[in-house]
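The values are calculated or read from the model by the stated rules, or taken from the named source; none is laboratory data. These numbers come from a predicted model, not from an experiment. Every residue, glycine among them, receives a Cβ derived from its backbone with ideal geometry; neighbour counts consider all protein chains shown.
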Amino acid sequence: MNQITSAKASRTLVAFLSSLILSILLVISQEYHGQLLSNKYKAQLLARDLKSSSDMLTQLARLHVATGQGQYFDYFQMLSDARAGAEPLPKNINVYFWDQVIAGQVEYQASDIHFALKDELAMLALPNDIENKFEYALNLSDTLIGKELDAMYRLNNQTPSHTVDTTDSQHHIMTSLMDQSYLSAKANIMYMLQQFTELSNQYFERKLDNLASVRLIVIIIFIGSILWFAAESLALFVHY
């Protein structure tokens, strides 16, 4: 009788432990599901941030060349340094932040957060072929930053003596920010970011689908373990 009772108690304990372990696995899988959704969204934001920063840098460079006002050059440096992690991000930054700064609607204030686009990319832990799409777009954008800086420095270093020469020189400098090679580079940036977004979405969707399949199996086994535990507990109770 004692041996039968001991066997029933052992089976009940095993059923309980199985249910406990499976419930922990379900909690972990749920957290992983949330992480995958978060990373999918972060990948989309990362592509948006690179696109918007590249477009804004172009706008700032052209504004500086067109007007000669130093504030646009300063904003250009702040933005390019912030996205590289060399300077802190602005406080309360959003997708419209730099438009509002240029319009004089908000004042630029630095936060204490340093976060480069490359750091954000690394945290997503994407496959190399997907990361390469973003890195290619980022490298192209950095190349354009060099070209934009060159145009602004050329304007700042001028000491013209004739108005006609100033206008002509300014025109040629502005042209360098609108020529075919420049526009082609911008188009390639956008194309690579589109590829990055599509591939990263597909990657995370596959991960989510695989996780859903695994969770379904674990849930079925978990329900079975709960029924097993209930049956063993009832049998042990009846025995006593």
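Looking at the range 16-24, is at least one residue within 23 Å of Asn139 (Cβ to Cβ), surrounded by fewer than 18 Cβ atoms within 10 Å (Cβ to Cβ) and not aliphatic (A, V, I, L, M)?
no
Going through Val14, Val27, Val65 one at a time, which residue ends up being of a type in the set (A, V, I, L, M, F, W, C), over 26 Å from Asp209 (Cβ atoms), free of Cβ contacts under 8 Å to residues at least 12 places away in the same chain and part of a helix (DSSP H, G or I)?
Among Val14, Val27, Val65, only Val14 is of a type in the set (A, V, I, L, M, F, W, C), over 26 Å from Asp209 (Cβ atoms), free of Cβ contacts under 8 Å to residues at least 12 places away in the same chain and part of a helix (DSSP H, G or I).
Take the residues in the range 58-78 that are in contact with a helix residue (DSSP H, G or I) (Cβ under 6 Å, 6 or more places away or on another chain) and buried (at least 19 other Cβ atoms within 10 Å of the Cβ); name whichever of them is farthest from Asp119 (Cα to Cα).
Val65
Name the residue, out of Val106, Val95, Val101, that is surrounded by 13 or more Cβ atoms within 10 Å (Cβ to Cβ), in a loop (DSSP other than H, G, I, E, B) and touching a helix residue (DSSP H, G or I) at 6+ places or on another chain (Cβ under 7 Å).
It is Val106.
Let me spell it out: the conditions are (1) within 13 Å of the chain's Cα centre (by Cα); (2) closer than 19 Å to Val106 by Cβ; (3) free of Cβ contacts under 8 Å to residues at least 40 places away in the same chain, and Tyr41 meets all of them except one. Which number is the exception?
With (1) within 13 Å of the chain's Cα centre (by Cα); (2) closer than 19 Å to Val106 by Cβ; (3) free of Cβ contacts under 8 Å to residues at least 40 places away in the same chain applied to Tyr41, the lone miss is (2).
What residue, among those in the range 109-139 that are under 20 Å from Asn188 (Cβ atoms) and surrounded by fewer than 18 Cβ atoms within 10 Å (Cβ to Cβ), is nearest to the chain's Cα centre (by Cα)?
So the residue we want is Lys118.
Evaluate the range 201-220: report whether one residue or more is of a type in the set (Phe, Trp, Tyr), surrounded by fewer than 17 Cβ atoms within 10 Å (Cβ to Cβ) and at pLDDT 95 or above.
no
Across the range 173-204, what is the number of residues that are farther than 28 Å from Gln44 by Cβ and either assigned to a helix (DSSP H, G or I) or in contact with a strand residue (DSSP E or B) (Cβ under 6 Å, 6 or more places away or on another chain) (or both)?
The number of residues fulfilling the criteria is 6.
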